[in-house]
Each structure stands twice: as C-alpha cells, then as structure tokens.
Amino acid sequence: MLISCMQKITEIETEEEYRNALNRFIQLCELQKTDEDLQELILLTDLMEKYERANCGGS
C-alpha cells in the first residue's frame, strides 16, 4: 500500500496505488531534494517499474 511522505512502501499492488506513487514521484521531482527525498524517488522508481513489468505488458 502506498502513502506519501516516506511511509515505508514495499509493494504497489493496484492501479490506484500505482497512480498515487506516480503523483508522489511527480511531487518529489518538483522539490529541492533532501537525501530522504532522493531515497524515496529511487524506491518509487523501482516499485513502479516492477508494477509496470507485471501489469502493463512490459518486458
């Protein structure tokens, strides 16, 4: 399940969670980033890619 602002995310399971992750990713991209923000960006990127490979026909 996904909640913004560094709540520990371990998996994106639904389309809604994916959209929330994407919105959070966009928010983070617009900020002056702290180390925590950068860590969250990396985590979101990894989880979104995993979700896309499993659910969006990616290879």
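Among the residues of the stretch 26-33, is there at least one that is modelled with pLDDT of 90 or more and surrounded by 12 or more Cβ atoms within 10 Å (Cβ to Cβ)?
Yes, that holds for at least one residue.
Considering only the stretch 31-59, how many residues are more than 15 Å from residue 10 (Cβ to Cβ) and in a helix (DSSP H, G or I)?
Within the stretch 31-59, residues that are more than 15 Å from residue 10 (Cβ to Cβ) and in a helix (DSSP H, G or I) number 8.
The values are calculated or read from the model by the stated rules, or taken from the named source; none is laboratory data. These numbers were taken from a predicted model, which means no experiment stands behind them. Note that each Cβ is placed from the backbone with ideal geometry, even for glycine, and that neighbours are counted across all protein chains shown.
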